[in-house]
Structures are given as structure tokens and as C-alpha cells.
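In what follows, a single structure is set out as C-alpha cells and then discussed.
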Amino acid sequence: MLLECSRICTKREATGSELPHRHHLLVELYRDPNSKTEERQVILHTLWGNSVNRPFTLALGAAWEREYGYPLQAFYNNDGIALLLPHDVEIRELLFLVAPEKIETLLRGSLEASAYFGARFRENAGRALLLPKTNFKRRMPLWLNRQRAKKLLGAISRYQDFPILVETWRSALQDDFDLANLKNLLGEIRDGEIRVSQCYTQAPSPFAHGLIWSQTNKYLYQDDSSDAGKPSELSQDLLKEFALRLGYLLGGLILLLGNEFVLDEDLPHVPLALQAFNSRHMQSL
């Protein structure tokens, strides 16, 4: 009892605000003083549980991408949601991105791309014996099972109402998500029944330690793949110009290697130079 009281006092001192509860949503704004970027961390201390925080995070990510055109970095657990924002956004504007009546539509565009959905699909496919083992006496490595499940999900996506896909959606919406409660909570925020307050910290409060660990765990094992999910807006004409310049350089280098030290500035087509190189200079090289 004394230990729990001590923890509560520590959390209150760290935030300098009233503790979050059923009718109070505490928003912690944290910016790393050692960071040179404008990126800041917004931590929503919801205390709503995974059945609400998970669908809210997925819907918020989809709404953010629709509004600003790039993905939102977000993490969740039972106690809260952590967001990495590259620019300042009003907290109420952020919360109002997800309208209660649009949650299902937002989830339709974001759920299947989440790690949660992939894990549930893998479990359902395994129960349906769609991921058979070569030897029942040997355990299948998790990484290999994940790869097989991803390939299966990609293969069946073109079929309408595939049973395992339907079951994964059903288990998410009915078993794991509490959408009715989420809609009710978002409605109370809009109506002012849930009070929203902010606090500014120089280091993550004890409330946020679990979310910070989740971020570290993800970035520690992340590769260099882009999070954009779509090609850049680089001009196609610019790419063609780069390729053409490279071709002319190769053509000049080919003539140089063939003991023709005068570059042909009037070379009309790079492919012709490459063809000449293949026919006349391959043996000498």
C-alpha cells in the first residue's frame, strides 16, 4: 500500500497535474532537450485498455494520413497512446480527427496493414492448417511462420470474403475491439464530459515508461525501409535526364577504353555506343 502511494506521488510530481481518471484525459507533451529536430512526443494517458486504445490508435493513424498525407508514428498499451509529431498540432484538433461515426471506415483502411492484424491472421491460418509443418516433431521458427503467413495473406487478398480473412476481421472487431465504448468515450470528449488537460515535461513521466520501451524496442530492430508507403514526387523527366547523362558518360568511357581518346560529342544515341562497344571492344577487354 505504501509503495503504491509512493508511486502515485511520484507520477503526480513528474507531471505537475491531476492524475488521469475516467473523466480526465491527461496529455503529456514531451520534447527531448538533446534533439535538434522540431519533433515532439505527445502521450495520451487514456487508461482505457487495449480493447479501446488499439482501435483508436489505428483509426487515428488513418485519419492523420488522410489529413496530412504521411503516416503517423504511434504506439499503444493498456495505459495510453504515444504519438511522435513532426510539427505542432492542437490537442483538441488531434483528438477530433477521429469522428465516432467514421471509426469503421478508418479501420477499413488501416487495420490490415497493422502488425496486430498480421499476428491474428497468422494464428487463424495456423488453426485452419493453412500453415502446415514439414515435420510435426519439430517446432517451426516464428520468423519463418511470419513470412509464410505474409505470403498467404498477399495471395488470398484478391479473393472476396476469404474465410480466414473474414474470421480475422471478426475476431478483431468483436473479440478484441470495444468499438461501442470507444465511440462513447470520443463522444464524451467532444461534449466536454471528459476533461482534457496538458502538461509539459523534460523527460517522460513514470506513466509513459511502458510506451517509451515499446518505441525503443521497435526502432532497435528496424531496418532502413521507408515508412512512406508510396513513391516520392520526384519528376519522371528528371530521372530520364539522369539516365541519359549516365549513358553519355558510359559511351565516352567505352570509346576511351577502346583507345579512341577523342570523345564523340555528337553521339546521337547511347544504345548505339553500347552496341559498338559490345561488337568491337569486348575481346580487347
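The values are calculated or read from the model by the stated rules, or taken from the named source; none is laboratory data. Every value quoted in this text rests on a predicted model; they were computed, and no experiment measured them. Using ideal geometry, Cβ is built from the backbone for each residue, glycine included, and neighbour counts are taken over all protein chains shown.
Failed condition for N217, given (1) of a type outside the set (G, A, S); (2) modelled with pLDDT under 90; (3) out of contact with any helix residue (DSSP H, G or I) (no Cβ under 7 Å at 6 or more places or on another chain); (4) not in a helix (DSSP H, G or I), with all others met? All conditions are met except number (4). Among the residues of the range 159-179, just one is free of Cβ contacts under 8 Å to residues at least 60 places away in the same chain and either within 15 Å of N53 (Cβ to Cβ) or of a type in the set (K, R) (or both), namely R170.
When the range 82-127 is filtered for residues that are part of a loop (DSSP other than H, G, I, E, B) and either under 23 Å from L26 (Cβ atoms) or not small (G, A, S) (or both), the ones remaining, listed by number, are P86, H87, D88, V89, E90, F96, L97, V98, A99. Against the conditions (1) among the charged types (D, E, K, R); (2) modelled with pLDDT under 90; (3) in contact with a strand residue (DSSP E or B) (Cβ under 6 Å, 6 or more places away or on another chain), E38 satisfies every one except (3).
Selection of the range 45-69 for residues being of a type in the set (G, A, S) and crowded, with 21+ Cβ neighbours inside 10 Å yields A59, G61, A62, A63. All conditions in (1) assigned to a loop (DSSP other than H, G, I, E, B); (2) under 24 Å from F207 (Cβ atoms); (3) not basic (K, R) hold for L130, with the sole exception of (2).
Any residue at all in the range 158-178 that is part of a loop (DSSP other than H, G, I, E, B), of a type in the set (A, V, I, L, M, F, W, C) and more than 18 Å from H45 (Cβ to Cβ)? Checking the range 158-178: at least one residue is part of a loop (DSSP other than H, G, I, E, B), of a type in the set (A, V, I, L, M, F, W, C) and more than 18 Å from H45 (Cβ to Cβ). Contact list please: Cβ distance under 8 Å, first residue in the range 129-144 and in contact (Cβ under 8 Å) with a residue 24 or more places away in the chain, second residue outside any loop (DSSP other than H, G, I, E, B) and surrounded by 10 or more Cβ atoms within 10 Å (Cβ to Cβ), pairs at least six apart or on different chains. Sorted first by the residue in the range 129-144, then by its partner, the pairs are L130/L152; L130/I164. Condition check for T15 on (1) at negative phi; (2) of a type outside the set (F, W, Y); (3) modelled with pLDDT under 85; (4) surrounded by fewer than 16 Cβ atoms within 10 Å (Cβ to Cβ): one failure, at (4). The residues listed here are A99, A113, A119, A82; of these, the one that is of a type in the set (G, A, S), closer than 26 Å to H209 by Cβ and surrounded by fewer than 18 Cβ atoms within 10 Å (Cβ to Cβ) is A119. In the condition set (1) in the same structural domain as H24 (by TED's automatic domain parsing); (2) within 25 Å of the chain's Cα centre (by Cα), I189 is compliant with all but (2).
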